[in-house]
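Here is the structure we will look at.
Every number here is computed from the coordinates shown, using simple stated rules; none is lab data. None of these values were measured; they are calculated from a predicted model. So basically every Cβ, Gly included, is an ideal-geometry build from the backbone, and we count neighbours across all protein chains shown.
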Amino acid sequence: MKNERFKTKTAKRIIGLLSLAAVIVVFGLVSYFAIYKFFVFGTDAQSFENFIKGYGWYGRFVALGIQVLQVFVAIIPGEFVEVGLGLAFGFVEGTILCLLGVGLASWIIFLLVKKWGVKFVELFISRDKIDSLRFINSEKKLNTLVFVLFLIPGTPKDLLTYFVPLTRMKVSEFLLISMFARIPSVVSSTIGGDFFGNGKYLEGILLFLITGAISLLGIILYRKILAKHRERKAKKEDA
């Protein structure tokens, strides 16, 4: 009986390791493709738009895939993809595609992290960054804090997407909270892309300047939140 249990556990571990290896290989190949395409596009949203439109109506599926990929591969700026989709499809459709892609990627990441835990997260995020966010899980108002962090412009939302599944939050709660909180930043980017696509360059530039200023304030606020919790942790350790 013990031998059978041992064999079963061993088989499950082997299957788990092979599955994880397959995931790593797939993500490696996809990341290479994404990084290569990113350097081809550079920072030219117009080239990104032309690339998407080159697929005709099916470009919507390509756009959706790129948005999913962007959440997985943090080197691709989310704003760049959002502006490109606003250029290619306009404000309404661009926003819908962005939110669908982000939601799908967030759901997949959540399930993968729940399956393999922190070891999976460490494939994409350093241990130091993971530790810097552990205070989130100790908060009584976890849902409120996650909503605020996803709402504030300039916060590392892709990093948070990998970390939150390590907390007690349920996938349904996470998707509802994070998707709703992301709407303002996604909308501002797709509207900006739509402005440029319709030749409204002054409006687009003004919008991006305002968004950039708000994002800078958001980064400062985020760093203050982290510093505050580090200080609180240090006081507890010294006590």
Give me the net charge of residue 98's neighbourhood, meaning all other residues with Cβ under 11 Å from the Cβ of residue 98; Lys, Arg count +1, Asp, Glu -1.
-2
Residue by residue, what Karplus-based ³J(HN,Hα) values in Hz, rounded to whole numbers, does region 49-54 have, using 6.51, -1.76 and 1.60 with θ = phi - 60° and x for Gly and Pro?
4, 4, 4, 5, 5, x
Ranked on Cβ counts within 10 Å of their own Cβ, fewest leading, 180, 48, 196 go 180, 196, 48
Cubic angstrom per residue, convex hull over Cα atoms of region 146-239:
92 Å³
For region 66-73, take each phi angle, set θ = phi - 60°, evaluate the Karplus expression 6.51 cos²θ - 1.76 cosθ + 1.60, and give the result in whole Hz per residue in order, putting x for glycine and proline.
5, 5, 4, 4, 4, 5, 6, 10
